[in-house]
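What follows draws every value from the coordinates through simple rules; no lab data is involved. Bear in mind the structure is a predicted one, so any value in this text is a computation, not a measurement. Neighbour counts are summed over all protein chains in view; Cβ atoms, including those assigned to glycine, are modelled from backbone coordinates with ideal geometry.
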Amino acid sequence: MSRPRVAVIGAGLTGLATAWWLRDDADVVVFDAAERVGGQVRTIELADRPLDVGADALLARQPEGETLVRALGFDDDDLVAPATGQVHLWTRGRLRPLPQQTVMGVPTDLRALARSGVLRPLELARVAVEPLVRRREVAGDRSVGDLIGERFGSAVVERLVEPLLGGVYAGDTDRLSAEAATATVWAAAQRPQRSLSAALRAHRAETPPADGPVFLTLRGGLTRLVDRLCSELGDRVRAATPVRAVVRSGSGWQLHLDDRIEEMDAVVVAVPAPAAAALLAEPVPEAARELAGIRMASVGVVALAYDPADAIDAPQGSGVLVPRGEGRLTKAVTISSRKWPHHADGGAFVVRASVGRVDDTRALDLDDATLAERVDAEVRWALHLRGPAVERTVVRWPRALPQYDVGHRARVDRVRFALEAADARGLHVGGASFDGLGLSARARDAQGLADAVRETVATGL
Ligand SMILES: Cc1cc2nc3c(=O)[nH]c(=O)nc-3n(C[C@H](O)[C@H](O)[C@H](O)COP(=O)(O)OP(=O)(O)OC[C@H]3O[C@@H](n4cnc5c(N)ncnc54)[C@H](O)[C@@H]3O)c2cc1C
């Protein structure tokens with residue numbers, strides 16, 4: 001019996017990991033449009049050291065990411081946990097510690113919130129009366145800003161929740177889905193407690209945190225993960241090979257490439273929503289229409305290296321978040337030399353600043369040199385650095401981050417339903433536009449996609 005032929009479209013983490021899990025069960029080939037595979041995982045050299053300029057950590061509390069890394073042979077010597085988890089907010093004129101005991105920025109400890117100085121007295125008083133605020137019953141999903149603003153007032157949304165979500169989605173709290181983007185808060189809001197703070201405290205009491213670090217990364221950069229997947233998959237990974245169309249062909253699928261057509265038994269589409277919409281337009285137009293409705297945020301990273309002598313007054317903490325109301329170009333700063341022990345060698349003080357929001361392109365409209373200059377100045381001011389960066393690199397991520405807008409979960413369900421209704425057997429869809437942007441969510445998705453492919457090809461042959 002011949003082995004099933006499976007195409008994976010997209011060599012980001014989702015696609016590469018899916019192919020890797022399938023490598024013994026099928027003749028699998030991964031196609032990527034870009035010259036460089038890995039999608040939003042990319043490590044560059046800055047000040048003679050590797051620095052991640054896409055994803056820089058995987059969430060260890062979601063185990064599938066670490067499982068994949070270890071299954072690929074990485075061990076404790078390769079994995080690094082952050083040296084500090086202290087995050088600051090740049091708000092009300094200076095850096096203030098992100099209050100302890102918040103869940104996605106939602107406060108559960110009024111005293112800790114007061115101590116942080118993030119809110120003004122009247123705004124704090126508004127938080128204090130949260131248990132007395134009548135709960136509005138809303139059927140179905142609602143925006144993060146609506147749910148949390150109603151309970152705690154708009155200052156909590158603007159100065160705590162938006163900066164935290166901004167780092168993940170570069171989104172707009174008035175449109176992001178509470179159900180999809182703040183799942184723990186959403187689950188707590190479904191509990192009987194009148195106070196959302198109390199519900200979150202009860203939730204936390206029932207689910208004590210697991211041992212071990214919250215985040216992990218790889219010494220030498222996360223590109224090592226991509227490189228390891230690629231070296232194990234060998235010539236099954238084809239870079240610079242865009243897939244132009246997916247077309248039904250008997251019981252299988254045809255892949256239209258620039259110079260040829262390839263026949264496949266199964267296809268996994270693991271590309272961002274706009275590209276997935278284009279590929280599904282012919283075989284499953286209903287799913288394509290839904291995917292085309294997912295908005296994408298363009299973001300950028302400005303990697304900066306400073307002379308360590310200029311950084312002696314820099315705060316001890318892993319990063320700084322900047323609420324949009326502050327009007328800065330910089331949205332967040334990862335202080336890599338403080339966050340990661342392997343960057344703390346004293347040779348250079350390295351930070352990465354993030355810019356760009358779905359509805360704010362001021363930063364990305366600038367040319368690289370101007371953007372780097374202006375972000376450098378903001379970072380210098382915020383971190384009390386004594387001189388300008390000695391090295392600066394801008395990396396742009398156009399239309400990279402999918403927006404989980406209100407109704408996102410229902411939209412994803414409609415895509416899956418459309419695939420079933422069209423009897424698109426052997427055609428599978430995944431990637432960050434569906435069930436989680438983080439690398440650990442991508443690794444989990446990959447396992448699920450590989451299982452689904454195995455099931456269809458096994459029963460189809
Ligand atoms: C700046 C930044 C920082 C981030 N930080 C973190 C972090 O710290 N932790 C974390 O967990 N996550 C982080 N993320 C999110 C995470 O990196 C992504 O969600 C994840 O890498 C997406 O993986 P993916 O495989 O689904 O898609 P992608 O990585 O987008 O890969 C999709 C691939 O599909 C290819 N493609 C598109 N169209 C076609 C076509 N027609 N034919 C063939 N190939 C095609 C593209 O070239 C691309 O390589 C960050 C993202 C960014 C941009």
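Treating the beta-carbon of each Lys and Arg as +1 and of each Asp and Glu as -1, no other charges, what is the dipole magnitude of the chain about its Cα centre, to the nearest 20 debye? Present the calculation step by step, with values, prior to reporting the outcome.
Working: 58 positive and 62 negative charges, 340 e Å.
Dipole size: approximately 1640 debye.
A simple packing score, the average count of other Cβ atoms within 10 Å per residue, orders the peptides 184-195, 157-168 as 157-168, 184-195, with the highest score first. Taking every alpha-carbon pair within segment 296-402, the share separated by more than 23 Å comes to 23 percent.
Quick one: order 265, 345 by neighbouring beta-carbon count within 10 Å, fewest to most. It would help to have the intermediate numbers written out before the result.
Numbers: 265 22, 345 11.
The fewest-first ordering by Cβ neighbours comes to 345, 265.
Residues whose amide H lies under 5 Å from that of residue 297, counting only those 5 or more places away or on a different chain, are 400, 401, 403; hydrogens are built 1.01 Å from N in the peptide plane. Under a 5 Å amide H cut-off, with hydrogens placed 1.01 Å from N, residue 38 pairs with 11, 12 among residues at least 5 apart or on other chains.
Can you list, largest first and rounded to whole Å, the semi-axes you get for the chain by taking the square root of 5 times each eigenvalue of its Cα gyration tensor?
Working: eigenvalues 285, 156, 78 Å².
Semi-axes from the Cα gyration tensor: 38, 28, 20 Å.
Remark: segment 399-407, residue by residue, has Karplus-estimated 3J(HN,Hα) of 6, 9, 9, x, 8, 7, 6, 3, x Hz, where x stands for each Gly or Pro and the curve is 6.51 cos²θ - 1.76 cosθ + 1.60 at θ = phi - 60°.
For the chain, the relative contact order comes to 24 percent (Cα pairs under 8 Å, sequence separation of at least 6).
By average Cβ neighbour count within 10 Å, what is the ranking of 332-344, 196-208 from highest down? Each step should come with its number before you reach the end.
Values: 332-344: 22.7, 196-208: 15.7.
Most protected by this proxy first, the peptides run 332-344, 196-208.
Farthest towards the positive end of the charge dipole of the chain, among the residues 202, 287, 273, is the Cα of 202, using unit charges on the Cβ of Lys, Arg, Asp and Glu. In percent, rounded to a whole number, the relative contact order of segment 296-402 is 46, using alpha-carbon pairs under 8 Å and six or more apart. Here the 3J(HN,Hα) profile of segment 329-342, calculated from phi with Karplus coefficients 6.51, -1.76 and 1.60 at θ = phi - 60°, is 6, 6, 9, 7, 10, 9, 8, 4, 5, 9, 6, 10, x, 6 Hz, Gly and Pro shown as x. The DSSP beta bridges internal to the chain are antiparallel in roughly 75% of cases.
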